[in-house]
There are 2 protein chains.
Amino acid sequence: MSASTLVSTALHTDRYELTMLGAALRDGTAARRCVFELFGRRLPGGRRFGVVAGTGRLLTLLREFRFGDDELRYLKDQKVVDAATLTYLENYRFTGSIVGYREGEVYFPGSPIMTVEGTFAEAVVLETLALSVLNHDSAIATAAARMSIAAGDRPLAEMGSRRAGEESAVAAARAAYIAGFAATSNLEAGRRWGVPTMGTAAHAWTLLHDSEEDAFRSQIDALGAGTTLLVDTYDIRQGVETAVRVAGTSLGGVRIDSGDLPTVAASVRAQLDDLGATKTKITVTSDLDEFAIASLAASPIDSYGVGTSLVTGSGTPTAGMVYKLVARQDSTGAWVSVAKASTDKGSKGGRKAAFRSLRDGTATHELVSVSDGFEQLSAAAQHPEARALQIPFVTSGDFDSSAEGSTGVESARSHHAFVRDELPVRSLALSRSDPAIPTVYVDATEQRAT
Amino acid sequence: MSASTLVSTALHTDRYELTMLGAALRDGTAARRCVFELFGRRLPGGRRFGVVAGTGRLLTLLREFRFGDDELRYLKDQKVVDAATLTYLENYRFTGSIVGYREGEVYFPGSPIMTVEGTFAEAVVLETLALSVLNHDSAIATAAARMSIAAGDRPLAEMGSRRAGEESAVAAARAAYIAGFAATSNLEAGRRWGVPTMGTAAHAWTLLHDSEEDAFRSQIDALGAGTTLLVDTYDIRQGVETAVRVAGTSLGGVRIDSGDLPTVAASVRAQLDDLGATKTKITVTSDLDEFAIASLAASPIDSYGVGTSLVTGSGTPTAGMVYKLVARQDSTGAWVSVAKASTDKGSKGGRKAAFRSLRDGTATHELVSVSDGFEQLSAAAQHPEARALQIPFVTSGDFDSSAEGSTGVESARSHHAFVRDELPVRSLALSRSDPAIPTVYVDATEQRAT
């Protein structure tokens, strides 16, 4: 891991996690073994499916989840916790286990995306960081997947860094790549996660020079005729004419960042062809979202750049997942399923195992097997026709690093392409509707009994 | 500055900034002096005003904007730039000047929120980072200000960390505090920026225990009767009864996180009063935004906690500001105003000076004086009835640190309260409309001539 990520993330935590920890250390419940489950109650925005992203990034952060001197001093000075809690935090190491959906997997309401098992003390303090990472990255990946569906075979570039917090921008570039984007403008995403980067010039480049021709000539001198010239700083028709005159018919591409894109793209294509630049590509980058991309399917466009709508989740900037205690041991060591009962936010207690039921290779159900006990994963044997969705990430404190780094990103990207192919055709629609497949709960205890 | 912010932000940059830099170093335009202006073309979401936030955070990051070994190695390995550009970046130090709106200031369409003057080379590479920080933080602060208006004298707590990327969450807590929130749940925002933190317990606390009564008793043992108990895990009426029975009538507060809040708050208040807990406060935290807060004005509620809607900018997750070249020197050293001309994204060229015109202490106009030249700020003398809005942040490479750290945050918070008081009453409405005051451009050159 590089220096730039060696930062303590331990205080990226809601104060109440540590307040509860302190009280639990006093009353002895801190040592009770617990199962926390991270899931989404619904798919926000009427989406057909969600995309899990952030898992590898989260595991990298959890591995370094430590309370250092700066963090402990702050907690002590502000009297956030008592001395016993400070001592606990100073020695904090996660010794529990985490299983969950592979990064890039699709998910549905109630899918147990991540399950954390450990003592109450070690598991409760991870809530805020786990949700921050998965809620953000999954929201972006879900939007990106829809854009990728709308774009079909045409490549998409992520260019929204300037419209997101500077670290969320890096995470967004990573999530978009996992969900099918081809590249990003964000160099840190390239350095940190191996995402391919792209970009040539902005309007400032043309404005810096005494003429558009000077700007184009200089760019071609520096980057070769295969570069992409931005042609809409002044008059687009004149810009295209100048571009081909300066670069020749081997000009790599032109970028259009304004105007009514179907009209402009058609006219630029015709002009390029008239000038003999028949292989010069057209990329468009003006306020695109999945709907705009879909509406350009018949236009002569070779690639898309997407900014604001991608990094803001195209109307759904957070996936809205929660992290809930679903089972715990009681004072005798017996497991008890638990869930909040009141009114509008009921959750389903009990440990879950999840499978995607398939018929002829197409997903039909999200099958969630619920138990109150410990031996949940044995239920997998009972669903041989379904694909088991959970894999181990951390086993008794040992992190499996295969989900991390750029290896993890490439693996997640491949996995996403694979699982998206399993979805029924109705999943591809952009309109608001119900989830593409239903979530079906089965009682593992009853199953074993029958 | 603490260890956790000593991270290179130099690659939080779109690739095209460095591509342009490389080409400009080749053709000599890298040394041309330029003025870049950061501004919003409009107030997104039909808001009446925007709130500038992120300035102090950005200055902290810009001061450390350096290309280290890791960054340079990546750029070299990936052939992003040539050897001459790598050498330039290795020695990069910003030697230009930055002026802008004070953090916490309100802004309108066209307000020159930040003006960066320097060589093209040193100024162009700051675009992405500057926009990332100011677009995110200002979007949050603008939403927070509306919530603060809706809440009136009742305190607001920011609790949305789990619904935002982990670093954006810290920035959101900071921005919300500047715009009038009283506290945050985010401990890192407390440690890094001095924002007051709050929080007691989640539903998991009650579920961890064998009974709600056990949970309440333990919390009171640890935190005293002045704590706030979360009463809606099971049955709210029973929860309130148990809370007062365990804590006594000196119970500090109860928190309600579900249900129809006007109904529930009224019934909980009546129950608390009946039980003699007349001073026990009620805080509510269930999916609030500025409209929900406004609708609760007549309910017996003492404070609000806001999560998702705050950190996502309540429908406007980015402020949509841009960073545009507005003036540059030509090859003779003369200044030239520049602006993109094409179709739908026209910007106003020229250096700007900005003033808030006031009448009887109430803002009437955003007055923006435009010049093509260098001596812009002298125009201030021509508007003695108006408040000058720009202050120096960096002068010839020297950073004024007064806007940074927790001192900067407190100062921004005070400044925001001051300037919000200057706004006309129509600014306080939550409905979509035009900006509360118009932006009026005047030609500084003509003014001086008359």
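The values are calculated or read from the model by the stated rules, or taken from the named source; none is laboratory data. Remember, it's a predicted structure, so these values are computed and weren't measured experimentally. So basically every Cβ, Gly included, is an ideal-geometry build from the backbone, and we count neighbours across all protein chains shown.
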Out of (1) in contact with a helix residue (DSSP H, G or I) (Cβ under 6 Å, 6 or more places away or on another chain); (2) under 10 Å from A:ALA176 (Cα atoms), the one A:SER148 does not meet is (1)
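On the basis of being among the small types (Gly, Ala, Ser), surrounded by fewer than 24 Cβ atoms within 10 Å (Cβ to Cβ) and closer than 30 Å to A:ALA179 by Cα, does A:SER97 make the cut?
Here the answer is yes, as A:SER97 does meet what is asked.
Quick one: which residue in B:ALA215, B:ALA294, B:ALA298 is away from chain A (no Cβ under 11 Å) and more than 25 Å from the chain's Cα centre (by Cα)?
B:ALA298
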What's the number of the only condition in (1) within 8 Å of chain A (Cβ to nearest Cβ); (2) in a helix (DSSP H, G or I) that B:THR200 fails to meet?
(2)
Scan region B:135-146 and tell me whether some residue there is assigned by TED's automatic domain parsing to the domain that holds B:ALA327 and either over 19 Å from the mean Cα position of the chain (by Cα) or within 30 Å of B:GLY22 (Cβ to Cβ) (or both).
yes
When you check B:LEU58 against the structure, is it assigned to a helix (DSSP H, G or I) and either surrounded by fewer than 23 Cβ atoms within 10 Å (Cβ to Cβ) or in contact (Cβ under 8 Å) with a residue 60 or more places away in the chain (or both), yes or no?
yes
So, of the residues in region B:306-336 that are among the small types (Gly, Ala, Ser) and either within 21 Å of B:THR29 (Cα to Cα) or more than 18 Å from the chain's Cα centre (by Cα) (or both), which turns out to be nearest to the other protein chains (Cβ to nearest Cβ)?
B:SER331
Subset of region A:400-414 that is out of contact with any Ser or Thr (no Cβ under 8 Å at 6 or more places or on another chain) and in a helix (DSSP H, G or I) - its residue that is surrounded by the most Cβ atoms within 10 Å (Cβ to Cβ)
A:VAL409
Looking only at region B:189-208, how many residues end up being of a type in the set (A, V, I, L, M, F, W, C) and touching a Phe, Trp or Tyr at 6+ places or on another chain (Cβ under 7 Å)?
4
Looking at region B:153-163, is at least one residue free of Cβ contacts under 8 Å to residues at least 24 places away in the same chain and more than 7 Å from chain A (Cβ to nearest Cβ)?
yes
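Residue-by-condition table, conditions (1) over 30 Å from A:TYR107 (Cβ atoms); (2) surrounded by 23 or more Cβ atoms within 10 Å (Cβ to Cβ); (3) in the same structural domain as A:GLY54 (by TED's automatic domain parsing); (4) in contact with a helix residue (DSSP H, G or I) (Cβ under 9 Å, 6 or more places away or on another chain):
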site	(1), (2), (3), (4)
A:ALA169	no, yes, no, yes
A:ALA176	no, yes, no, yes
A:GLY194	no, no, no, yes
A:GLY199	yes, yes, no, yes
A:LEU208	yes, yes, no, yes
A:SER211	yes, no, no, yes
A:LEU223	yes, no, no, yes
A:ASP232	yes, yes, no, yes
A:GLU241	yes, no, no, yes
Across (1) more than 11 Å from chain B (Cβ to nearest Cβ); (2) in contact with a Phe, Trp or Tyr (Cβ under 9 Å, 6 or more places away or on another chain); (3) under 25 Å from A:SER161 (Cβ atoms), A:ALA243 clears everything bar (3)
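Considering every residue within region A:193-207, establish whether at least one is over 28 Å from A:VAL254 (Cβ atoms) and modelled with pLDDT of 95 or more.
yes
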Within 11 Å of chain A (Cβ to nearest Cβ), out of contact with any Gly (no Cβ under 7 Å at 6 or more places or on another chain) and either within 26 Å of B:TRP193 (Cα to Cα) or part of a helix (DSSP H, G or I) (or both) - does that describe any residue in region B:103-111?
no
Would you check which residues across region B:130-152 are at the interface with chain A (Cβ under 7 Å from one of its Cβ atoms) and within 21 Å of B:HIS415 (Cα to Cα) and list them?
B:VAL133, B:ASN135, B:HIS136
Output the number of the condition that B:ARG48 fails; it satisfies all remaining conditions of (1) assigned to a loop (DSSP other than H, G, I, E, B); (2) over 27 Å from the mean Cα position of the chain (by Cα); (3) surrounded by 19 or more Cβ atoms within 10 Å (Cβ to Cβ).
(2)
Please work out if B:ALA339 is surrounded by fewer than 20 Cβ atoms within 10 Å (Cβ to Cβ), within 28 Å of the chain's Cα centre (by Cα) and part of a helix (DSSP H, G or I).
no
Count of residues meeting criterion [more than 14 Å from A:GLN238 (Cα to Cα), among the small types (Gly, Ala, Ser) and away from chain B (no Cβ under 11 Å)] in region A:251-269
4
Reported set for region A:243-264 where residues are hydrophobic (A, V, I, L, M, F, W, C), over 15 Å from A:THR228 (Cα atoms) and touching a Leu at 6+ places or on another chain (Cβ under 8 Å) is A:LEU261
Out of B:GLU64, B:GLU71, report the one residue that is within 14 Å of chain A (Cβ to nearest Cβ) and modelled with pLDDT of 95 or more.
B:GLU71
So which pairs qualify, if the first residue must be in region A:26-44 and without any contact (Cβ under 8 Å) to a residue 12 or more places away in the chain, the second must be assigned to a helix (DSSP H, G or I) and crowded, with 17+ Cβ neighbours inside 10 Å, the Cβ gap must be under 7 Å, and the two must be at least 6 apart or on different chains?
A:ASP27/B:SER218
